[in-house]
Amino acid sequence: MADVDMAQNSGTTAETDNDWVRVMSDDGYSFLVRRSVANASETMRDMLDTAGNYAEAIARTCPVSQRAVIVEKLLEYMSFKAYYEKAGPKEEVPVQEFMERIPPEIVLELLLAADYQNM
Amino acid sequence: MAQRNGVRGPMSALTEFLRSTGITPTTIARRVATQEQPQPEAGPSRPRGSRRNTAAADDEAEEEQEYASDNLDEPEEETQPQKKKPKLSKAAEAKLKAKAKAAAAMKKKKGEDDEDYEEDGDEDEDAYTALSKSAYGGGSKPPVGSFETCAKCEKQFTVTKYTMAANPGPGYLCHPCAKASGTDPFKKPAAPRKRKTPADKRKVVHIEERSFPTLVTICIDVVARHIDDVEAFGDIGTLNLEAISKAISKNRSLTSENAPLFYNAEQTKLVMYDATNLSPDAFIAMGNLNPNLTTLRLDFCGPLNDTVIAAWNNSLPNLVSLELFGPFLIREAAWLSFLESHFNMEAFLITQSPRFSLDCLNALVEYSKRTLKKLALREVGKMCDEFLEQIAEFSKLEYLDIAEPDHSCSDEGMIQLLEAVGGNLTHLDLSGHGLLTDEVLSEGLAPNLRVLKDLKMTHLPEITDAGVAALFSSLDKNTGLVSVDLGRNPTLGTPALEALLAHSGATMQHLCINGWKDVTEEGLSLIKDARELRTLDVGWCRAVDNFVVDRWVGGDDGCRNLEELKVWGCGRVEGKWGRAGKGKRRGLRVYGIESQTVL
């Protein structure tokens, strides 16, 4: 089990969505992230939306049918987005740096996963 | 002016009135010239016509008095009669003074304008009214510090810069009367509109949309960066490739650079969902890099041109199925050469090609008559009855789409065509042939269509409710239709729907009766027996309301498989059905509810 703490990336989180949710990969790894980070993905937000009354929302657990390495990259983007979307307009979003952190070996898988996650 | 050259243009009512009382631009300008001296007071200038007339004689004397007086140094504030006048701060005072000066300068300027006016009296009449106002307003008010009798209470008072004219005139009001009349004597005149400095003007306010880069676009950029090293992406199955193609096309990111990702010398099938950004050279490269293609589908292939077709004639010898959306640049000669070099086509589906002519179709018949199974000449501008005669030659035709022509084909032509090819047709689209009547239904469709699954006939204003009802009652009962689109036919109603559902209600998966305005609630309720229904469009059917929808999807029976329901234009549908009237059901998307967007 590799519990990745993303808390330091979401320092500006509002109190209301400050709870932790679990994101499960296909191959059994689970990641704990703040809800604000999970909300960066529209699909995940819908899954966790308590109004939907889904099992995922009640258990606060999102299964993602991808390998752990993909899920980790997804979550990296999500915390990247959660952090920089709240940043001021002056602040430069280091997209280039993020791009360089994506190895080409997984980029197509990541592309499909991102398309599914609607982000 | 008018009198001088004998020409009189249109005049405003005020001009006409002033002219009748003997006031002309000349007299006014003369009067202005005689009081050329700048006026130190800065009261709000407003027309006081009648006052002028009576007080004109006194004016010079008054002015003399004014200039002889001590008031030249703008001591207006001190002469204020009201003791409770609010003390002005230094800054405010300075501001007031500046304003007074500016106003005086303005007046002076206007005076000059008046002179101009006299000189070139041929100016048009409209300018006159504006000038007369300033000329009147200029020196009419008695000088500050002089005594006046109030027009209302007839008491004597000292004129200040806040003194106001009586409304209606003539005369002026003392301060208490001015206040009592409801106007605020201390009210500052409206600030003159600031002229924008050129720098301000140049600064365009952009609505900057700070859209965060999505992970999809980032991934696509990474793909583009490594496109020369396709191996780096590792092995991905063909199924994934299609999904990736869709994901990339979604935001029109397919470009000449990243398109090679989908190329493979061995693949036989290639689909591109949005080829707008591919250059003609990229299309040629596509042909060279995929030499074994048998099936090619390109959506939005606008840049495709004659040179590409010429290249494909050599590079894609095995092509038997071509589907193009929007190949409008391809000329007749290129089509002919393509059809000649690709004989025995099995599917030829093009949409929006204004240059596809009868000769092209003849070539297609000549080279692929025995093999062609699917033909779409959708939105082809030259479609006409002669086309239909040629299409009748394709004996194996299963799929026929000749919808949305520029000019409708005739009943006779269509009946002959259906007699020839109707027997094998599983898909038929005759939308937009506005001249087709019930005759086509009774003599073309009913006797000839034996295995039809998919029927589209939208925008056919001539067909009638009874005709459609008769068609479905006479069609072979053994083969139910799977997909029916009879939308935008407002003449159709309940009998047609009843007959349709009686014929193929059990097999129907997709139904569109958009625009059947008169279909009744009873007729609509029958849809609930179409258990296989996946998509349903009942837009603009007036009888659709919450109860009708509830009958379809509310309970456990009804259209259990329904995935998509469109109710655009059904104003009475509010999304209140199902358990507790919440209007929600797993797997069902409802579009077009007026009070909400997507359920």
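Worth a mention:
- Among (1) under 30 Å from residue A:43 (Cα atoms); (2) at pLDDT 70 or above, the one test that residue B:181 misses: (1)
- Residue B:500 free of Cβ contacts under 8 Å to residues at least 60 places away in the same chain and over 26 Å from residue B:380 (Cβ atoms): yes
- For region B:394-403, the tally of residues that are of a type in the set (Asp, Glu) and either open to solvent by less than 30 Å² (accessible area, probe 1.4 Å) or modelled with pLDDT under 95 (or both) stands at 1.
- Where helices (runs of 4 or more DSSP H) sit wholly within region B:453-559, those with at least 3 residues that are closer than 24 Å to residue B:401 by Cβ occupy B:465-474, B:494-504.
- Criterion: away from every other protein chain (no Cβ under 14 Å), crowded, with 16+ Cβ neighbours inside 10 Å and under 22 Å from residue B:379 (Cβ atoms) - qualifying residue of B:327, B:280: B:327
- Residue list for region A:94-119, filter: within 7 Å of chain B (Cβ to nearest Cβ) and assigned to a loop (DSSP other than H, G, I, E, B): A:102, A:119
- Summed over region B:532-554, the residues that are open to solvent by 40 Å² or more (accessible area, probe 1.4 Å) and more than 20 Å from residue B:495 (Cα to Cα) give a count of 4.
- Residue A:54 being within 11 Å of another protein chain (Cβ to nearest Cβ), open to solvent by 80 Å² or more (accessible area, probe 1.4 Å) and closer than 18 Å to residue B:248 by Cα: no
- Exactly one residue among A:30, A:79, A:36 is polar (S, T, N, Q) and open to solvent by 10 Å² or more (accessible area, probe 1.4 Å), and that residue is A:36.
The values are calculated or read from the model by the stated rules, or taken from the named source; none is laboratory data. Just so it is clear, the structure is predicted and the values come from calculations on it, not from any experiment. Positions of Cβ are generated from backbone atoms using ideal geometry, with glycine treated the same way; all protein chains shown enter the neighbour counts. Ligands, DNA and RNA are stripped out before the accessible areas are found, and what is left, the full protein with its side chains, is counted by its heavy atoms. Shrake-Rupley method; radii C 1.70, N 1.55, O 1.52, S 1.80 Å.
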